[in-house]
Every structure is written in C-alpha cells, then in structure tokens.
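Some notes on the structure that comes next.
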Amino acid sequence: MIGLISYIAFFATMAGIMAIAVLGLNLQWGNTGLFNGGVVAFFGMGAYGTMILGGRPEAEQFGGFELPFLIAFAGGILAAGLMAWVVGKLTLRLRHDYLAIATFGVAIAFESVTRNAEWLTGGAKGLRGFPRPFEAAIGDGFTYGLVFLALVLAVLIVVYVGLERLVRAPYGRVLRAIREDEVAARSLGKDPARMRLQAFIIGSMIMGAAGGLYVTFYAFVSPQDMAPILTFQLWAMLIVGGAGNNRGAVLGAFLIWGAWTLSGFALARYAPASMQLYAGSVQYILIGLVIVGMLLWRPQGLVPERIGKTFNDRAAKAPTNTGAHQA
Amino acid sequence: MIQNLVDGILTGSIYSLAAIGMTMVMHMLRFANFSYAELLGIGGYAALVFDRLFAALVPALGVAIEPLTLTWALVLAMLVAMVITGASAVLFDWLVFKRIRAKADALSMVFASFGVALIVRNVITLIFGHKAELYSQDIAFAVVLSRDPMLLVKPDQIFTLVAALVLMLAFHLVLTRTTFGYALRAVAENPNLSQVSGVRLSSMVTAVWMIGGGLSAAAGVFYAMTNHLSPVMGHNFVLPVFAATIVGGIGSVYGAVLGGFIVGIASGLALMVLPSGYTPAMPFVIILAVLLVRPHGLFGEDRDA
Amino acid sequence: MSDTVLTIEGLEAGYVRDLPILRNVALTLRRQSLTTIIGPNGAGKSTLIKAIAGLVPVSAGRIMLDGAEITHLRPDRMGELGLAYVPQTDNIFRQLSIRENLALVMRRMPDRASRLQELLGVFPALEPKLGDRAGSLSGGQRQMLAVAMALARRPRVMLMDEPSAGLSPKITAEVLDLARGLTGQGVSILLVEQNVKQALRVSDHCYILAEGRNQLDGPAAQILSDPVVGEIYLGGKRVGAA
C-alpha cells in the first residue's frame, strides 16, 4: 500500500514538474503564438543553474557554491530567463519561424555544452546535487516524497494562479491581440516586439523553474536528463490539453505523462526481448503521431481556449452592434 | 589548417545539395521545415536497400570502381533512392502539410514538421537498427596529396564533391535553360503572376518536393559514402541545412549553394580552435551571426512574417 | 457569334468568407470594345478584375467567356481559354530576362518562335533588351512587356488593372492608345483606371462601381460629359465645360 502511494506520489511529482514547464510553454505558444523549438534548453538551464549554484564543491569543477536552495533555485530561473532574453532579442523581430530555428539551435548548443564543458557541467558524468530542502529534518523516505510533491504542487499552483491573472488582465488580452493581428495591436499603441519578448522570457523562466525542481528532486543532473524528446513530450502535453488554456495545459501534462509511463511499462512487459532496445523508438513514434494527429484533427486540444474565445466573440459582435445602432 | 579547409569544402558540398531544396520549400510554402533533413536519412537508407538488392541480383554490379569504394549497384541505387525520397517528400506533403496549410498558420506547419521528423527518424531506427551502416566494407585508403602541410583525401571524397557539383550544375541548367526552370523561378518570385501566366501552383509545389527530395537523397548517399549511415543522420543535418539556407537568404538557390559551403568551411575551420564536441553547435553560432549582421542573408529579400 | 464576349451576372466575391467586397455586380463586355471601370478608391474595381481572372474567390454569381462558364476556374487555366490579365504592379518577373518572361507564358504554344517575332514587331523597343533582366526595364517598357506577355497567347479578352500606375502622362497616353489599337485587332479589353479622363477618351463604354456595387454605366462619351458624374467621379471639375 505504502509502495503504491509512494509510486503515485512519485508519478504526480514528475507530472507536476512537467505541468509547470507546459504552463511556461503555454504562455509562449498558446497565449502569444511564439514557437519554442528547444524547450529542453530552458528547462536545462534552470536545472544546471540550480545545480551549479546549490551543489557541493568538487575538485576541478566550477560551481558548487552551496547556496541555500531558494537562492540556487532563483538563480537557475534567472539563468533560463537570461538565455531567453538573448535569443528573443536576436530573433523576435524577424520572420516568425526564425524563433523556432534559433531555439532549436539553442537546444543543440546547450547539449554540446553539457556534454563537453566538463569544468562547468561535469560532461557526461553530470553533476551531483545537494541535500534537498527539509531532507535533513524529515529524512529520505516515504514522508519526504510527499513533502516534495507538496512543494511541486505549491509551485504549480503559484505559477497557475499567476498566469491566470496575467492572461485575464489587460496584459493577456494584448498578448492575444498580438498573436491574432500584430498590425492591429501596434495601432493600439502597443509595442508587439517588446510584449513578445517579455512573454518569451517569463515562459522560459517558468520552464527553468521546472528544471530546477527536477534536478533538486533527483539530486543529480546529466546530459541524459536533457534529451531532445523532452521538448516533444511537453509540446504533446500542450497540444493535447489545448493551447491557450492553462487548465488544459495541466490536464495534458498529467495525461501524456501517464500515457508515456504506461506505454513504457507495457513495452517493457509485453514487447519481445529483441525489441526492448527499440522500446524508446516506439514511444517516440507515438509522441510524433500524437502531435501530428492533434494538429490534423483536433488542433484546439481537449480543452479549447476559453478566454480567447469570448474575446473573439466580442470582437466579432462589435461590428454587428454598431450596425444596429446605425440602423 | 588546409586539411580543415578541404574537409569543410567536402562537407559543405553536402550541405549545399540539401539546402537547395530546403530554401525552395521554405520560400514557397513559407515555413521552416524541421523534417526536411530527414530526407537525407530516407535517401541514404533507401540507397542501402537497393545497393544490396542490385549487388545480389547482378553480382557484377557489386564490384568497386577503382580507386573508389563506389559500385555500379550503388550508383543505380542512388538514382532509385532519389526518386523514392522525392516521392516520400510529396507523400508527407499530401498527408500532413497540405492539410494543415489549408486551415492553419505557418507555425502549425513548423510544429507538424517536428512531429513528422520524430516519426520518420524513429521508423528508420525500428527498421534498420541503432547501429551505423556502411555501403561498402572495403577500407577506403586516403591519398596523401601533400606532406607539408599534411593533406589527406579519400578518392570517395573527391568523387562526392565532383558529383555534388555536377548535380548543382545540372539544376542550374534546368533553372536557366528550360521553361520548367523559368516556371520554378517565376513561382519563387511572384506566385500570383505565375498562375496568371499559366503555371499551376500545385504542380510546382510537387515539383519542388521531388527536386528537394532527390537532391537530399543524393546528399544523404554522399554523406554515407564518406562517413556512415545512422538513424540520427537527419537530426544532425537539421541545423547546418537551416544555417546554409539562412546564410544564403531564404528563396535563393545560389545563396543556398554558397551558404552550404560557408557553413561547411566555417565548421571545418572551427575545429582548429574548438574541441570536436562543439561541432554540432557551430551552425547555430553562424545563424546567430547572420541574424545579427544581415538578417535576410546574402541574397535574401526583405519579406518578413 | 454573339456581340458580347464576357458576361458577369450577380457576382459576389471577396477574400474573406462571409465578407464579400463585390455584391451583385453585373457587367457585359462587347466584342472588340474597350470598356473602362471607374469608381472611388475601395470600390472593388481591382477585386472585380482579379475575381474574373480567378484570383479572388467568388461566392455567388457567374462569369461567362464567350458562352462558357469560367467562374471557378483556376487562374492558370484562364490563358488557354483566351482570357489574359495584366496586374497593376509586379506584372513582370523581374528576376527573369525579357526573353524568359515571354517564353514562360508561351511555353505550351507550338508556334512560340514565330509568335515571339510577331510580338517584337509590335513592341520593337523590347528586341534589343531580350537578354536583360526584366527588372532593369524602365516603367514604360515594363508595361510594354506586361502587355506583350498578356497578348502572347492571343487572348480574346484582356483585363488591365491600372496600366497607368506609376507612369508619366505621356507614357500613359501611349499605353492607352496601344490598348485602343488592340481592339481593332480583335481583342476586347476591360480596363480599370484611376486616370479617368484619359481613359474615357479612348473607351467605348464605362461602368461606375462604388462600395462593391454597380452604380451606373453608359457610353464613355456620355459619362465623360455627364455633369453629375463629372462632379462625383471625375475630380469635382466639370469635364467638357471648356
């Protein structure tokens, strides 16, 4: 029984961390229409940043500053934001798909650094972590799993509520206006490039926060954790849940992470031994099919965007109303 | 230094071939296609299958053409692979991109192209396995062209460079000497006017996918001849091919050719100062530099959004 | 053969679904006539021409070319049926040479070599420049090339969208005289022009369009001298009140 609860807590912790990253992605893609082709890099920046600042010193290794968890965590988030600022500054004024290419490039470059810059990232052997918050007091057991889950859920709720307020505020309406019609938004006196950059940075910092939580949980990070498939998983979560809708983003995260875990179990159990090496490929194909299938047949996701819809309805009604007045 | 330069030119010719189709597709369909580079993988593996098949059916075809490791079986297999890869590119367009184009924006196409790439790459992995494959088990000895400075080149490398240049020249002649080529250039410049001038757009889209697929297949075979085949090949080509396209300016075929060589040479020379582990990131640095200095590339038009 | 070559009935067309720019437009083009469409900015004149050429989706009504319906035909099929269209701007391929521009439109014609010679007879100024990039031509020469491309396939009907745009009055007059001359050789021309007075002087008939609807039509001379029309559409000044 304890084992089952413990596993559920573990599952929910991972899904919760994914959900946080998906919320960040939703601000970029769902609310602002920015395509991030290298989510894993921003997640990874938060992860490595947190680790380098909070980790313990080791020989011939930069970092290991042993900063308190909250400061290290904040540092990781800032690092992700800083990277987003640089990339966004360079590409957000250009053709929309340049951002996709640049972010994809960031992910490749980031992976190169994690694998090769041993003095900074530990290279292939990765970086060992630091004692997790409250671990000394509670101990590394069943209870701690629940405490960490609570921490993840708390961050998830804070991010969720913050984003809900943001997208319902006039700020969010302007973001959507920019997404729908940039020229019109500019004529309202808004600077679309600046707004897009802000949304891109905030979204990336949220992804960085997810990365920070991830490595804190495992107390370890290596290039293996930063595989490109993570980007695809997070996209699938968002498109399944419904881009533009934060509730959908969280729902999609739990659904896809559940499906991923289950398909992993099923393949490990039922696939022939000769195929075990290729179980990952089967799962990757499934993720690819989910993305392409959703785009083809249900691009609005399971939970379509709500605010955007009422916003559009209002916009669509406006001319009719004026017409009525004139008549 | 000179070795890095020569290696860069050899790699660059492969990037150029792949970038020609990419720049046309990106210009005509207005989206960054992340599945495009997978065509190199499809071409490379399709050639592997037919190479083995032809060599088994007619053993005489399986004999290497000295001093190359190349066989006539592989030459024929490459031609078949070019057709198959072109056809797969058209198929992906019909199955996915055309449908999304009809109802959604360009970024949905970008998104879908990532999904297509993931599917293609992993289907290749499932069929052919993770491990690298070679067309020929013969050992290709390098020829010492010079001792000081040291310069080693394999005959296969010279062959692929020449063959790539011949293909580019052939395409250049098509563009400048045939009315089909005029139509391709016309559509790139002004789709509406070309329609009015009697050019059917949908046929041109199909033609561009076929040409792009064919040239990419050749690039995949040339890469595999001088290196090896692996399922991650497509993934490794995504960034350099984008870089070549952006350096040349989106829509410019000649820009793409030049861009391919620039990216290849720059990556080659970078090895003198950076460990080889960072090579995959070089195209990214080039992209950033171009976006900073000349966002529309060498020959690109200012045509945003 | 009937007297009308192009008939438009109840045409509704626009770029966005449910938001037609043209509403219930009707028009007939008589054989070998030059008919001009005028109207204020945003009246839908260019949209009408593009809808006939197949470049703007038509949601209702029909377009008949010599008795055959061409309403939903793809734009690349129009040329072979005898309908040519000269866009207002970007009406030549700048990156292609003059020879390539002409070869492109004539590529399915068996007699393209002799046709090229005929065209160069009509536009001798293009001959010495055949190998040059079309982008290097002057404004007037570009317009000549655009008309030559439209004429290449021996159209029955030619649509011209503001051929005077960006041209000097002298060159405009040359282009309009050319158009007038073409009607004598069997081409019927539908012209959109902002340069109303100059255009009406060479036209047979005139349609006035406003807010996407027919307002008025009549013989060009009559419209030109109509005081009310002059007031509204010809720039406030009475025409012909010398």
Taking residue B:25 as meeting all but one of (1) in a helix (DSSP H, G or I); (2) open to solvent by 40 Å² or more (accessible area, probe 1.4 Å), write down the number of the exception. (2)
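Residues in the stretch B:164-174: is at least one under 30 Å from residue B:277 (Cα atoms), open to solvent by less than 20 Å² (accessible area, probe 1.4 Å) and part of a helix (DSSP H, G or I)? Step through it out loud before you land on a result.
Within the stretch B:164-174, the subset under 30 Å from residue B:277 (Cα atoms) is B:164-165.
Narrowing the set further to residues that are open to solvent by less than 20 Å² (accessible area, probe 1.4 Å) leaves B:164.
With part of a helix (DSSP H, G or I) added as a condition, the list becomes B:164.
Yes, the conditions are met somewhere in the stretch B:164-174.
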Checking residue C:78 against (1) open to solvent by less than 30 Å² (accessible area, probe 1.4 Å); (2) over 19 Å from the mean Cα position of the chain (by Cα), the condition it does not meet: (2)
Does residue C:97 satisfy being open to solvent by 20 Å² or more (accessible area, probe 1.4 Å) and modelled with pLDDT of 95 or more? no
Of all the helices (runs of 4 or more DSSP H) wholly in the stretch A:23-141, which have at least 3 residues that are within 14 Å of another protein chain (Cβ to nearest Cβ)? A:39-54, A:69-91, A:96-116, A:118-121
So the helices (runs of 4 or more DSSP H) completely within the stretch A:170-251 holding 1 or more residues that are crowded, with 24+ Cβ neighbours inside 10 Å are A:170-180, A:192-218, A:229-241
Any pair with Cβ under 8 angstrom, 6 or more apart, that starts in the stretch B:255-270 at a residue that is over 19 Å from residue B:169 (Cα atoms) and of a type in the set (Ser, Thr, Tyr) and ends at one that is open to solvent by less than 10 Å² (accessible area, probe 1.4 Å) and part of a helix (DSSP H, G or I): B:267/B:8; B:267/B:240; B:267/B:283
Against the condition among the charged types (D, E, K, R), within 25 Å of residue C:167 (Cβ to Cβ) and either more than 8 Å from chain B (Cβ to nearest Cβ) or touching a residue at least 12 places away in the same chain (Cβ under 8 Å) (or both), how does residue C:94 come out, does it pass? yes
Which of (1) crowded, with 22+ Cβ neighbours inside 10 Å; (2) out of contact with any Phe, Trp or Tyr (no Cβ under 6 Å at 6 or more places or on another chain); (3) assigned to a helix (DSSP H, G or I) is the odd one out, the single condition residue B:207 does not satisfy? (1)
Would you tally the residues in the stretch B:225-242 being over 18 Å from residue B:115 (Cα atoms), among the aliphatic types (A, V, I, L, M) and over 12 Å from the mean Cα position of the chain (by Cα)? 2
Residue C:171 fails exactly one of (1) of a type in the set (Val, Ile, Thr); (2) touching a Leu at 6+ places or on another chain (Cβ under 6 Å); (3) open to solvent by 30 Å² or more (accessible area, probe 1.4 Å), namely (2)
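Here is a yes/no grid of residues against (1) open to solvent by 60 Å² or more (accessible area, probe 1.4 Å); (2) within 14 Å of chain A (Cβ to nearest Cβ); (3) of a type outside the set (Asp, Glu); (4) assigned to a strand (DSSP E or B):
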{"position": "B:56", "(1), (2), (3), (4)": "yes, no, yes, no"}
{"position": "B:61", "(1), (2), (3), (4)": "no, no, yes, no"}
{"position": "B:82", "(1), (2), (3), (4)": "no, no, yes, no"}
{"position": "B:86", "(1), (2), (3), (4)": "no, no, yes, no"}
{"position": "B:111", "(1), (2), (3), (4)": "no, yes, yes, no"}
Considering only the stretch C:56-87, state which residues are under 12 Å from residue B:197 (Cα atoms) and free of Cβ contacts under 8 Å to residues at least 24 places away in the same chain. C:74, C:75, C:76, C:77
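Quick one: would you say residue B:228 is more than 21 Å from residue B:21 (Cβ to Cβ) and open to solvent by 50 Å² or more (accessible area, probe 1.4 Å)?
yes
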Which of the residues that make up the stretch C:57-83 are touching a strand residue (DSSP E or B) at 6+ places or on another chain (Cβ under 9 Å) and part of a strand (DSSP E or B)? C:58, C:59, C:60, C:61, C:62, C:63, C:64, C:65, C:69, C:83
Applying the selection to the stretch C:123-168, what residues are touching a strand residue (DSSP E or B) at 6+ places or on another chain (Cβ under 7 Å) and open to solvent by 30 Å² or more (accessible area, probe 1.4 Å)? C:131, C:132, C:133, C:153, C:156
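Name the one entry in A:123, A:129 that is over 17 Å from residue A:88 (Cβ atoms), of a type outside the set (Val, Ile, Thr), open to solvent by less than 10 Å² (accessible area, probe 1.4 Å) and in contact with a strand residue (DSSP E or B) (Cβ under 6 Å, 6 or more places away or on another chain). Working first, answer last.
Working: A:123 fails: in contact with a strand residue (DSSP E or B) (Cβ under 6 Å, 6 or more places away or on another chain).
Exactly one residue qualifies, and that residue is A:129.
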Could you identify the single residue in C:30, C:77, C:99, C:23 that is in contact with a Ser or Thr (Cβ under 9 Å, 6 or more places away or on another chain) and either more than 14 Å from residue C:161 (Cα to Cα) or more than 9 Å from every other protein chain (Cβ to nearest Cβ) (or both)? C:30
Residue list for the stretch B:114-132, filter: of a type in the set (Phe, Trp, Tyr) and either facing chain A (nearest Cβ under 8 Å) or on the phi > 0 side of the Ramachandran plot (or both): B:114
Identify all residues within the stretch B:198-230 that are in contact with an Asp or Glu (Cβ under 6 Å, 6 or more places away or on another chain) and more than 14 Å from chain C (Cβ to nearest Cβ); write none if there are none. B:209, B:225, B:226, B:229
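When you look at residue A:55, is it among the small types (Gly, Ala, Ser) and either in contact with a Lys or Arg (Cβ under 8 Å, 6 or more places away or on another chain) or on the phi > 0 side of the Ramachandran plot (or both), yes or no?
Numbers: among the small types (Gly, Ala, Ser): yes; either in contact with a Lys or Arg (Cβ under 8 Å, 6 or more places away or on another chain) or on the phi > 0 side of the Ramachandran plot (or both): yes.
Yes; evaluated as a whole, the condition is true for this residue.
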Any pair with Cβ under 9 angstrom, 6 or more apart, that starts in the stretch B:280-298 at a residue that is closer than 13 Å to residue A:93 by Cα and of a type in the set (A, V, I, L, M, F, W, C) and ends at one that is modelled with pLDDT under 95 and not in a helix (DSSP H, G or I): B:291/A:94
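The values are calculated or read from the model by the stated rules, or taken from the named source; none is laboratory data. Bear in mind the structure is a predicted one, so any value in this text is a computation, not a measurement. Here the Cβ is made from the backbone with ideal geometry for all residues, glycine too, and neighbour counts use every protein chain on show. Surface areas here come from the heavy atoms of the whole protein model, side chains and all, with no ligands, DNA or RNA. Shrake-Rupley method; radii C 1.70, N 1.55, O 1.52, S 1.80 Å.
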